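K.L.:
Take this structure, written in structure tokens, and hold onto it; I'll ask about it next.
The values are calculated or read from the model by the stated rules, or taken from the named source; none is laboratory data. Small disclaimer: the values here were computed from a predicted structure and weren't measured. Note: ideal-geometry Cβ built from the backbone for every residue, glycine included; neighbour counts use all protein chains shown. Heavy atoms of the whole protein, side chains included, go into the accessibility calculation; ligands, DNA and RNA do not. Shrake-Rupley method; radii C 1.70, N 1.55, O 1.52, S 1.80 Å.
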Amino acid sequence: ADKIADLRNTKIICRSGDPTDLYDLAIVNPNESRSIIVLSPEGDDPDSSVVKTILALTQNPSRRPEKYRIAAEIRDNHNAELARIVGGDEAQLVLADDLISRIVVHSSRQPGLSAVYTELLDFDGSEIYTIEEPAVVGKSFAAATMFYETSTVIGLVSADGKVELNVANDRKIAAGERLVLIAEDDDKIKVKPFAGKFDRSAIRPAEAKRISPERTLLLGWNRRAPMVAAEMSRFVAPGSLLTIVADAEGFAESAAGIQLANGNLQLDIREGDSSSRSLLRSLNPLDYDHILVLGYNEDMAPQPADTRTLVTLLHLRQIAEEAGRHSSVVSEMIDVRNRELAEVSRADDFVVSNKLVSLMLAQASENEFMERIFGSLLDEEGAEIYLRPASSYIAIGTEVDFYTVSLAALERNELAIGYRRKGLNDDGRGLGGVRINPVKSERISFAADDRIVVLAAS
């Protein structure tokens, strides 16, 4: 409790005990809880403790008849099925390693993306809500997206709880379905149908997307690295290459066991000190499309692991500066307190793994659909978040409102949810110019380097 700077209206009470023990659980009186968060403990088999805790909550003879709202952290995907059986419809699972691996991969291919996820999960900005809205029943989904000035509609929850994002434009909204939307707060979700005019002259025609093979350099190693490689293979074009360089204990054996989703990605495994300047120079890192730096947090404590990551990033920065070129670098950080220090390396993006898992658990404890919503966002078969050039949607230098930007995206079967502008004031939150859920009536002029944040199928 002493480590939390701003408690606001929250009171923290600490109790000692075994969360898998029914007697100890009774001390904190879960029957009176609004929500319950089950954290993954340190140890060799943390998921067993989490599953037993869920079991102790749901099968307790003295439990309340009303459903619990449980958000639980699971590290190994293989244990998720058992946890779901035990938790039933009372538990949402945050698959920590899977979540971070997917965000790392997506961010490595689209720098700035981790800031979008942080904004969607952080309670300081706009968040994801689900509501029933009678005003849009019978309307098309495209029409419903224009019913809100200060909120952004991104999908639907069917009457049976199925989440679908980036719904077809002509899909009619039925009674009992809920809107999935992004808003600053639930009390600021107000219906205000658009009554103005779109500036169609500013909308650029859609262009055919070209997909080319990619070369990615992965430096460092932890238990999520095989998942990162497997996830990357789902999205890259055939003929793509992933070079992995690390010197962790058991690295060669673990890397040899990587199972890719398809044959699109070829692996080049090399043992070596990934933080060595001479080795990095020999790899010609600037010849790669993307560079991804993982922390050695399996072999080191968080602080030494982040220090080694920082050294690697600084070497990469020096190599790029000496060549007078820019390289796309995305890094995983373990401790959020090291992010500000690491920004001196001028990496394009940082994925702060522990913070994102914590935010996801907190959001799942508040929103019963959060696991399904983020599962859809990070699934290769669902709608994903992309940061695409603003010039692909709107004429550069032309002042337009975000209603017009939204229409430009809708005409491509996409949803515009925000933008990224270099130099944009982000209130010191480290979002790198990302703004999600802008007020649609505010007018804005985009520059050549700006990006539109969209939900799209591909």
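K.L.:
On the basis of being of a type in the set (A, V, I, L, M, F, W, C) and buried (at least 22 other Cβ atoms within 10 Å of the Cβ), does PHE141 make the cut?
P.N.:
Numbers: of a type in the set (A, V, I, L, M, F, W, C): yes; buried (at least 22 other Cβ atoms within 10 Å of the Cβ): yes.
Taking the combined requirement at face value, the residue satisfies it.
K.L.:
Any residue in region 254-268 that's over 14 Å from ALA225 (Cα atoms) and of a type in the set (A, V, I, L, M): show its pairings with residues that are assigned to a strand (DSSP E or B) and modelled with pLDDT of 95 or more at Cβ separation under 8 Å, as long as the two are six or more apart or on different chains.
P.N.:
LEU265/SER240; LEU265/LEU241; LEU265/LEU242
K.L.:
Separate question: Among the residues of region 1-39, which ones are part of a loop (DSSP other than H, G, I, E, B) and either in contact (Cβ under 8 Å) with a residue 24 or more places away in the chain or under 24 Å from GLY87 (Cβ atoms) (or both)?
P.N.:
If we filter region 1-39 for residues that are part of a loop (DSSP other than H, G, I, E, B), which is where we start, we get 1-21, 28-29, 33-35, 39.
Of everything in region 1-39, those that are part of a loop (DSSP other than H, G, I, E, B) and either in contact (Cβ under 8 Å) with a residue 24 or more places away in the chain or under 24 Å from GLY87 (Cβ atoms) (or both) turn out to be ARG15, GLY17, ASP18, PRO19, THR20, ASP21, VAL28, ASN29, SER33, ARG34, SER35, LEU39.
K.L.:
Now, a different point. For region 311-339, what are the residues that are more than 20 Å from ILE103 (Cβ to Cβ) and either of a type in the set (S, T, N, Q) or in contact with a Gly (Cβ under 8 Å, 6 or more places away or on another chain) (or both)? Show your work before the answer.
P.N.:
As a first pass, look at region 311-339 and keep what is more than 20 Å from ILE103 (Cβ to Cβ): 311, 314-327.
If the condition is that a residue be more than 20 Å from ILE103 (Cβ to Cβ) and either of a type in the set (S, T, N, Q) or in contact with a Gly (Cβ under 8 Å, 6 or more places away or on another chain) (or both), then GLN318, SER327 are the ones that fit.
K.L.:
For the structure I just gave you, tell me whether PRO30 is open to solvent by 90 Å² or more (accessible area, probe 1.4 Å) and either more than 21 Å from LEU361 (Cα to Cα) or in contact with a helix residue (DSSP H, G or I) (Cβ under 9 Å, 6 or more places away or on another chain) (or both). Walk me through it before giving the result.
P.N.:
Details: open to solvent by 90 Å² or more (accessible area, probe 1.4 Å): no; either more than 21 Å from LEU361 (Cα to Cα) or in contact with a helix residue (DSSP H, G or I) (Cβ under 9 Å, 6 or more places away or on another chain) (or both): yes.
It is false that PRO30 is open to solvent by 90 Å² or more (accessible area, probe 1.4 Å) and either more than 21 Å from LEU361 (Cα to Cα) or in contact with a helix residue (DSSP H, G or I) (Cβ under 9 Å, 6 or more places away or on another chain) (or both).
K.L.:
Kindly establish whether LEU25 is touching a Leu at 6+ places or on another chain (Cβ under 8 Å) and either over 30 Å from TYR403 (Cβ atoms) or open to solvent by 40 Å² or more (accessible area, probe 1.4 Å) (or both).
P.N.:
Working: touching a Leu at 6+ places or on another chain (Cβ under 8 Å): yes; either over 30 Å from TYR403 (Cβ atoms) or open to solvent by 40 Å² or more (accessible area, probe 1.4 Å) (or both): yes.
The answer is yes for LEU25.
K.L.:
Under 9 Å between Cβ atoms, at least 6 apart or on separate chains: pull out the pairs that start in region 193-217 with a residue that is closer than 17 Å to SER441 by Cβ and in contact (Cβ under 8 Å) with a residue 12 or more places away in the chain and end on any residue that is charged (D, E, K, R) and open to solvent by 70 Å² or more (accessible area, probe 1.4 Å).
P.N.:
ASP199/GLU399; ALA202/GLU399
K.L.:
Next question. Do we find a residue being more than 30 Å from the chain's Cα centre (by Cα), open to solvent by 90 Å² or more (accessible area, probe 1.4 Å) and not acidic (Asp, Glu) anywhere in region 35-48?
P.N.:
Looking for residues that are more than 30 Å from the chain's Cα centre (by Cα), open to solvent by 90 Å² or more (accessible area, probe 1.4 Å) and not acidic (Asp, Glu), one finds none in region 35-48, hence no.
K.L.:
Now for a different question. So which residues in region 163-176 are under 21 Å from ALA456 (Cα atoms) and without any contact (Cβ under 8 Å) to a residue 60 or more places away in the chain, if there are any at all? I'd like the intermediate steps shown before the answer.
P.N.:
From region 163-176, those under 21 Å from ALA456 (Cα atoms) are 163-173; that's our starting set.
Listed by number, the residues that qualify are VAL167, ASP170, ARG171, LYS172, ILE173.
K.L.:
Please go through region 108-143 and pick out each residue that is within 14 Å of the chain's Cα centre (by Cα) and of a type in the set (Phe, Trp, Tyr).
P.N.:
Across region 108-143, the qualifying residue is only TYR117.
K.L.:
Looking at region 63-81, is at least one residue touching a residue at least 24 places away in the same chain (Cβ under 8 Å), over 29 Å from ILE334 (Cα atoms) and assigned to a helix (DSSP H, G or I)?
P.N.:
As a first pass, look at region 63-81 and keep what is touching a residue at least 24 places away in the same chain (Cβ under 8 Å): 63-64, 68-76, 79.
Pick out the ones that are also over 29 Å from ILE334 (Cα atoms) and you get 63-64, 68.
So of that shortlist, the ones also assigned to a helix (DSSP H, G or I) come out as none.
No, region 63-81 contains no residue that is touching a residue at least 24 places away in the same chain (Cβ under 8 Å), over 29 Å from ILE334 (Cα atoms) and assigned to a helix (DSSP H, G or I).
K.L.:
Okay, moving on. So ASP98 clears everything in (1) more than 30 Å from LEU241 (Cα to Cα); (2) in contact (Cβ under 8 Å) with a residue 40 or more places away in the chain; (3) of a type in the set (Asp, Glu) except one condition, right? Which one?
P.N.:
It fails just one condition, (1).
K.L.:
Cβ-Cβ under 6 Å, sequence separation 6+ or interchain: first residue in region 441-458 and without any contact (Cβ under 8 Å) to a residue 60 or more places away in the chain, partner open to solvent by 10 Å² or more (accessible area, probe 1.4 Å) and of a type in the set (Asp, Glu). Which pairs?
P.N.:
That search, which allows pairs on different chains as well, returns ARG443/GLU399; ARG443/ASP401; SER445/GLU399.
K.L.:
Quick check: is even one residue across region 416-438 surrounded by fewer than 16 Cβ atoms within 10 Å (Cβ to Cβ) and either at pLDDT 95 or above or outside any loop (DSSP other than H, G, I, E, B) (or both)?
P.N.:
No: zero hits.
K.L.:
Looking only at region 139-150, count how many residues are part of a strand (DSSP E or B) and either of a type in the set (Asp, Glu) or modelled with pLDDT under 95 (or both). Lay out the reasoning, then the answer.
P.N.:
At the first step, the residues of region 139-150 found to be part of a strand (DSSP E or B) are 140, 148.
Checking which are either of a type in the set (Asp, Glu) or modelled with pLDDT under 95 (or both) leaves us with none.
Going through region 139-150 one residue at a time, the tally reaches 0.
K.L.:
If you scan region 103-138, which residues turn out to be open to solvent by 30 Å² or more (accessible area, probe 1.4 Å) and part of a helix (DSSP H, G or I)?
P.N.:
ARG109, PRO134, ALA135
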